[in-house]
Every structure is written in structure tokens, then in C-alpha cells.
1. First select every other residue whose beta carbon is under 12 angstrom from the beta carbon of B:K107; then total the charges, Lys and Arg +1, Asp and Glu -1.
2. Subtracting the Cα-Cα distance from 0.36 nm times the residue separation, let me have the gained length for B:I50 to B:N185 in nm, one decimal.
3. Taking K and R as +1 and D and E as -1, what net charge do the other residues with C-beta under 15 Å from the C-beta of B:P47 add up to?
4. Work through the residues other than B:A490 whose Cβ is under 15 Å from its Cβ and net out their charges, Lys, Arg +1 and Asp, Glu -1.
5. Hey, got the average number of other protein chain Cβ atoms within 10 angstrom for residues in A:40-50?
6. How big is the Kirkwood radius of region B:477-588, worked out from every pair of different alpha carbons and given in Å to one decimal?
7. Helix-only mean residue ellipticity at 222 nm, chain B, DSSP H runs n ≥ 4 weighted -39,500 (n - 2.57), per residue, nearest 500. What is it?
8. What is the magnitude of the charge dipole of region B:43-152 about its Cα centre, with +1 placed on the Cβ of each Lys and Arg, -1 on the Cβ of each Asp and Glu, and no other charges, expressed in debye to the nearest 20?
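Only the coordinates and a few stated rules stand behind these numbers; no lab work does. Everything numeric in this text was worked out from a predicted model, so none of it was measured. Don't worry about glycine lacking a Cβ; one is built from the backbone with ideal geometry, like all the others, and counts go over all protein chains shown.
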Amino acid sequence: MKKIKKKIVVKNKQGLHARPAALFVQIANKFDANITVRKGSLSANGKSIMGILMLEIGPGSEILIEAEGEDAERAIIALERIILEEEPQLIK
Amino acid sequence: MGEEIIKEEKILKGIPASPGIAMGQAFLMEMEEPTVPRRQISDEDLPNEIARLEDALIQTRKEILEIQKKIAEEMSYEHAEIFNAHLLLLEDKMFLEEVISRLRKEKFIVEYILVDVIKKYIKVFSKMDDEYLRDRISDIDDVGKRILRHLIGQQRQDLSKLKEKVIVVAYNLSPSDTALMHKENVLGFVTDIGGRTSHTAIMAKSLEIPAVVGLEKVSRLVKKGDYLIVNGNDGSVIINPREETIKKYQEELLKFEEFIHRLEGLKELPAETLDGYRVKIAANIESPQEIPSVIAHGAFGIGLYRTEYFYMNRKDLPSEEEQFEAYRRVAIQMAPHPVTIRTLDLGGDKFISQLDIPYEINPFMGWRAIRFCLARPDIFKAQLSAILRASVEGKLRLMYPLISGIEELKQANRILEEVKEELRQKNIRFDEDIEVGAMIEVPSAAVTSDILAKEVDFFSIGTNDLIQYALAVDRVNEKIAYLYEPAHPAVLRIIKNIIDSAHEAGIWVGMCGEMAGEVLFTPLLLGMGLDEFSVSAVNIPEVKQVIRSITITQAKEITRQCLSFSTSEEILEFLRLKLKEIVPEIIV
């Protein structure tokens with residue numbers, strides 16, 4: 001099983017709150033890989049909106065994303081983009 | 001002998017969530033917490049409890065989707081989008097796993113576990129430093145209560161069914177409670193919890209219902225039959241006000257209403273300066289549902305009909321027929337006034353899932369709008385054909401977004417000609433003289449507007465994008481928000497240049513960005529020679545009022561002076577001063 005880790009500084013102006021968080025979770029759920037987000041000593045399931053919000057990832061926070069599974073690589077690329085974009089949006 | 005109970009005036013301070021003043025009788029929402037017994041269950045009950053939870057989740061999901069649909073139709077997509085977070089929460093893995101694993105371990109009825117888990121989340125969120133995250137408490141609370149209500153089969157008081165005009169007092173109002181309110185019977189509302197950025201506050205603002213939130217204990221202090229004054233401007237709430245206080249507020253309310261009334265009186269009047277120079281005021285719309293409001297506010301037509309609406313919130317692409325029906329309806333409803341349809345403007349900050357547009361690092365400069373349409377002629381042609389076919393029913397115009405140079409414009413026009421020819425072949429009628437315009441929102445188009453003017457019948461200046469591209473300021477990045485300045489001398493020169501080259505070529509120019517609706521800029525834009533102001537329906541009366549209070553000579557002089565300043569600060573200061581002179585009662 002592939003396991004990939006990536007350290008990212010959150011540049012999004014809202015941090016990973018609200019809409020960006022929702023988007024992050026929606027995208028994460030599209031992949032089979034297990035996704036974990038770590039901030040400091042805390043960690044959360046990357047497919048859970050509550051988990052992500054509870055990490056309080058403000059702008060400038062440094063987080064570590066881990067993806068484990070066949071599509072881990074693609075998952076990391078997609079998730080990183082959301083974090084690096086200023087105002088990502090996905091309308092259902 | 002009857003004893004008169006003298007109620008004491010009490011003033012509370014909260015967070016102003018939606019402006020305006022409301023006075024009236026209090027209507028207390030039932031205390032929401034239904035008591036949930038802490039009842040043990042046996043192992044055999046477990047499957048049934050889980051099934052009940054699943055059922056409640058499905059019901060809740062259905063309910064939220066319905067509310068979302070209603071809001072999308074009656075308000076806007078941005079408001080409806082709020083409920084996406086609610087839906088996500090409903091299927092949240094962490095939340096559901098926690099409820100189910102505790103259910104198995106502790107063996108209490110599912111209601112009890114659910115309430116306890118929600119309570120825990122609320123506690124965690126209430127300790128967060130970030131105001132925005134703290135305000136999410138009401139979203140979590142909303143979803144939790146909804147699930148609980150379905151579990152125990154209880155109905156929520158429906159605020160859309162109130163009989164009298166009241167002020168709603170509640171511990172908390174969910175965004176969905178708020179969305180269902182009607183201005184006719186909810187004068188205002190006050191709540192114990194909530195913040196400025198809560199979704200309830202956002203909803204209240206767009207419904208134009210005065211509201212104060214975060215009052216901490218208002219729902220406990222107010223008794224049935226109390227009289228309340230809600231001041232959504234400064235965040236104060238007065239319980240059982242004294243005679244003098246009521247009088248003072250009544251006077252203030254009257255003054256405010258008079259001003260609004262005067263603006264309403266403008267509805268039938270043209271946008272004409274004191275010396276008889278006329279311009280047109282049109283409205284920007286997102287969906288046909290907004291037309292009654294557009295007409296009520298006295299718009300001359302639609303200057304921007306955003307068609308992205310069709311492509312969102314769905315899995316497939318809209319058919320030509322579906323678009324034709326909508327365009328036709330709008331054309332008929334607005335006739336004889338013109339409706340300017342902007343062809344698909346996707347990308348930037350508007351994405352849809354069914355097209356599988358790849359993520360881009362720099363979407364505002366990426367594959368979007370006309371660039372996307374030219375690459376997907378199938379989608380583009382279906383829209384053009386729908387617009388053309390509908391054009392016989394009223395007066396339609398069409399315009400292309402994000403044109404950056406003459407080649408693109410010619411290419412788009414070539415495709416339009418192809419569609420026209422196909423229709424002619426099939427003997428389908430359309431308006432042969434339909435006006436075609438280009439949105440000018442890319443600096444390269446602005447600079448070459450004299451060249452572009454030869455290929456179109458009109459321009460529409462899209463200031464939101466034009467400003468961000470001209471100043472190299474991402475308009476959604478808060479850190480550089482201070483640099484996003486419509487009054488930047490560069491922006492003014494660019495706009496002036498666009499208007500001048502259009503007029504030289506003998507075509508007219510409109511503006512459909514936010515700037516057109518800001519009254520501060522009305523004299524300046526008027527003086528530059530802008531022919532059509534396309535603004536949100538609510539801004540129409542104010543813009544008209546300014547135009548009707550000035551002469552074109554005065555406006556031209558204001559423009560001349562503004563163009564001579566070297567900083568936006570001077571320009572803004574000067575415009576504020578002038579506006580105060582022209583319309584003293586306006587608040588900017």
C-alpha cells in the first residue's frame with residue numbers, strides 16, 4: 001500500500017475553515033486512500049468535516065497530510081491544490 | 001382595583017447582525033431542548049436504534065435538501081450553499097462513528113447519545129479562538145436538533161406560518177428558521193447566541209429583517225407579551241421601553257421610512273439629470289425569480305443576466321430547450337425592455353462538477369469564460385442557439401465575458417454566425433438585429449477597446465475583474481484587500497478610455513460590476529459618459545436619486561477633477577464631499 005506524506009503551509013485566507021474545509025472533505029472523499037491530517041500533536045480523519053474543523057487550521061498553519069492507498073499520490077496533489085488556492089470553490 | 005404592573009425598561013447590548021429598527025410584541029420561540037431520557041437499552045435493541053438513527057438521517061437530509069432548493073430559488077446560490085456544510089455534517093464519518101460506537105458501548109437510547117455528542121462538539125467549538133469557527137456552533141446545533149426532531153417525531157415551530165407581526169425571541173435561530181421567515185410577519189429577531197458571520201446573520205441581511213444576536217440571556221429575560229425595540233444598527237435591544245424611548249425610536253423610524261418612501265417614488269421616473277441628460281439604469285440578475293423585484297425597483301431592463309445558474313447544482317448539462325424556455329420567459333417578462341444575457345462565465349471562482357474542469361493554480365487567469373466556451377463549441381452553440389431562438393419574444397442582447405483581444409471576439413462572432421445560419425436553414429426565426437456586446441474586464445481588451453469597438457454593438461465594463469487584473473490584486477485575498485481600490489487613478493483612466501473609444505466608434509457602454517451600484521461613484525461615471533448603469537435591484541433607487549439630483553455639467557466637472565488627482569485617497573475624499581453636497585440625506 002502506498003503511503004505518502006506532505007507538509008504544507010496553509011495559504012488560503014480563511015485557513016481550512018468553512019468553505020475550503022468543506023471542499024477539502026468533499027475532495028478527500030473522492031479518493032479511496034485513507035487520509036489523515038495532522039497539526040502539531042493533533043490529527044483528524046481528512047474525510048471528516050468535524051475532524052478538519054476541530055484542528056483549527058488557520059491561515060499560515062503548517063499541516064501534514066498523509067494519504068495511504070492506491071490513489072494516495074493523486075489525492076495528495078488534489079488536496080494540496082485546495083490548500084494553496086486562495087478561494088477554492090466547488091459547487092455541487 | 002386593578003393593579004398596574006409597571007414593567008421596567010431594560011437595555012441589552014448584543015451584536016448587530018442585520019441593520020434597521022423594529023418595534024413590536026415579542027414572540028417567544030419554544031425552548032428548544034426537548035428532554036431526552038437517559039434510558040438504557042438492551043443488546044437486542046441495538047439494531048433498531050441504529051435503524052432509527054439512519055432513518056432520521058435520511059429524513060433530515062431530505063428536509064435540508066428541500067430547504068436548500070427553496071432558498072436557491074427564492075434567494076441565491078450563495079445562500080443555498082450554506083447548507084452544503086449541513087449536509088456534509090450529516091454524513092460526517094467522525095460524527096457518525098462516534099455516535100454508533102458510543103451507542104454500542106454505553107447502550108443508551110440513540111437520542112441521548114446524539115444530544116451528548118453534539119453537546120461535546122459545541123463545547124469544543126465554543127473554546128476556539130477563531131470567530132468564524134465559533135459561529136459554526138449554530139450550524140452544528142441546527143443539524144443536531146433536526147436529527148433529534150426526526151428521532152422523536154417533533155415538529156419545529158414554523159416561522160413562515162406566523163399570523164401576527166412580531167419580534168421573534170429565541171435562544172438560537174438556525175439559518176433555515178431564518179430563511180423561512182417572511183418580512184411581512186417577522187419585524188425583527190433577537191437571539192442569545194450567534195455572531196456577525198453566522199449564517200443566520202447573513203440570511204437576515206438579505207431578507208432585510210433587523211436583527212441583534214449574541215445577547216446571551218435575552219430569551220430568558222423576555223416574557224410573553226413584552227414589548228421590544230430591536231436596533232440592528234447599533235446592536236441594542238430595549239425590553240419594555242418607556243414612553244419617551246418609544247417616541248424617540250418612532251421618530252427615527254419615521255425619518256428612515258420617509259427616505260425609503262422618497263426613493264420608492266422614483267420608480268416611475270427616468271434616470272435623468274437636472275438639466276435633462278438621460279442614462280439607463282438596469283439590473284443584474286442571477287435567476288428569473290428576481291424579475292419581480294427588478295421591476296418593483298424600477299429597472300429599465302436587465303444589464304447582466306448571469307447564466308451560470310443553469311449549470312450549477314446539477315449533474316448533467318442543461319439542454320438547449322431548457323435554456324430556451326428560461327430565456328424566453330425572461331424576454332417576455334421584461335419586454336419591451338432589453339435583457340442582456342451573458343454567455344457562460346465559468347471558472348475563476350465559479351466551478352461546476354459535471355464538466356470536470358481540472359484544478360488550476362491560478363483559476364482567475366485560467367481556462368474560463370469565453371476561453372472555455374471557444375474550446376467547447378458544443379456547449380457554447382447550444383446556449384447561443386437558445387438565446388437566438390428566444391430573441392423573437394422580447395428584446396434580448398448577448399455579450400461575451402472575458403474577451404481579451406480581437407481574435408477571440410472574431411472567433412466568438414464566427415460561431416454566432418454559424419448558429420444563425422443553422423437556424424436560417426431550419427427556418428427558425430430569431431431577431432436578426434440582436435445586439436452583441438463584449439464585456440471589457442481584461443486590461444488588454446480595455447487598452448485595445450478602440451479595435452474591439454468595431455466588432456460589437458456595445459461594451460459592458462465588468463469592474464470586479466477589471467480592477468483585480470489592472471491592479472494585480474486577487475480580489476478574494478484578504479491580506480491585500482486594501483489594494484483593491486476602484487478609485488485607483490489607473491482604474492479611472494482605464495474606464496475613461498473604454499468609454500471614450502466606444503463613443504468614438506459610435507457604440508454605447510454599460511457597466512455591470514459592483515462599482516456601478518456604489519453611489520459614491522455615480523457622479524464620476526455619469527461625468528465620464530457611461531450610458532447604462534447595471535446594478536443590484538436594491539441599489540437602483542439610490543443611484544437614480546443621485547443622477548436626478550445633479551446636472552451633467554456638474555458631473556463632468558467632478559470627473560475632470562477626479563482625473564487630475566494622483567491618489568485614490570484624494571479621489572474618494574473629494575467624491576464623498578461632492579455626494580454630501582448633492583444628496584445630503586444619503587448615507588455612504
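1. Neighbour charge sum, excluding B:K107 itself: 0.
2. Gain in length upon complete extension: 44.6 nm.
3. Charge balance near B:P47 sits at -3.
4. Cβ neighbours under 15 Å give a net charge of -3.
5. Whole-number average of other-chain Cβ neighbours for A:40-50 is 4.
6. 14.4
7. -14500 deg cm²/dmol
8. Around 280 debye, computed over region B:43-152.
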